[in-house]
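One structure is given here, and the rest of the page talks about it.
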Amino acid sequence: MIDSDCIFCKIVAGDIPSTKVLETDRVFAFRDLYPKAPTHVLVVPKDHYANVAELTAADPALAGEVLRATAEVAAAEGVAESGWRLFSNTGADGGQDVFHVHFHVAGGKPLGRMLSN
Ligand code: AMP
Ligand code: ZN
């Protein structure tokens with residue numbers, strides 16, 4: 001399902017340009033436009049779900065494919081050994097800006113503590 005107003009649906013469709021890192025039948029990964037680390041890639045299901053809760057409830061197999069793709073991205077980016085962080089912001093307090101579920105794959109430098117105080 002596609003949400004015609006969703007920026008990440010448009011990126012998956014190629015209507016908004018992105019720098020693709022990985023693509024499978026159901027998963028797309030592209031570089032974050034405003035990277036916060038040397039490696040900062042966003043991994044999304046091609047189908048539109050707002051957040052992790054919606055994705056996992058509707059299609060846990062797809063959630064697994066997305067997770068597997070995050071590890072493949074980390075390996076392709078050369079950070080599998082040095083380490084990387086996977087996170088998915090949800091809702092207002094989570095700091096979610098784009099309501100098409102996405103997993104941030106970040107690495108390439110020490111990322112510090114998980115949360116600031
Ligand atoms: P979040 O705040 O977790 O919803 O993350 C949204 C992410 O999307 C941010 O890290 C943005 O830098 C990134 N972003 C926004 N627009 C684009 C775009 N057109 N291409 C790639 N990344 C984008
Ligand atoms: Zn979408």
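The values are calculated or read from the model by the stated rules, or taken from the named source; none is laboratory data. Quick caveat: nothing in here was measured; it's all calculated off a predicted structure. Please note: Cβ atoms are built from the backbone with ideal geometry, for glycine as well, and neighbour counts cover all protein chains shown. Accessible surface is based on the protein model in full, side chains and every heavy atom, while ligands, DNA and RNA are left aside. Shrake-Rupley method; radii C 1.70, N 1.55, O 1.52, S 1.80 Å.
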Could you count how many residues in the stretch 1-19 are farther than 12 Å from Leu42 by Cα and in a helix (DSSP H, G or I)?
-> 4
Give me a count of the residues in the stretch 53-73 that are touching a Ser or Thr at 6+ places or on another chain (Cβ under 8 Å) and closer than 16 Å to Ala29 by Cα.
-> 3
From the options Thr39, Thr19, residue that is out of contact with any helix residue (DSSP H, G or I) (no Cβ under 9 Å at 6 or more places or on another chain), within 14 Å of ligand 1 (Cβ to nearest atom) and not hydrophobic (A, V, I, L, M, F, W, C) = Thr19
Cβ-Cβ under 7 Å pairs, at least 6 apart or on other chains, the stretch 104-117 side of a type in the set (Lys, Arg), far side assigned to a loop (DSSP other than H, G, I, E, B) | Lys109/Ala37; Lys109/Pro38
Cβ pairs under 6 Å, 6+ apart, first in the stretch 84-101 and of a type in the set (Lys, Arg), second surrounded by fewer than 16 Cβ atoms within 10 Å (Cβ to Cβ) | Arg85/Leu111
Counting residues that are away from ligand 2 (no atom under 15 Å from the Cβ) and open to solvent by less than 30 Å² (accessible area, probe 1.4 Å), which helices (runs of 4 or more DSSP H) fully inside the stretch 20-117 reach at least 1?
-> 60-76, 91-94
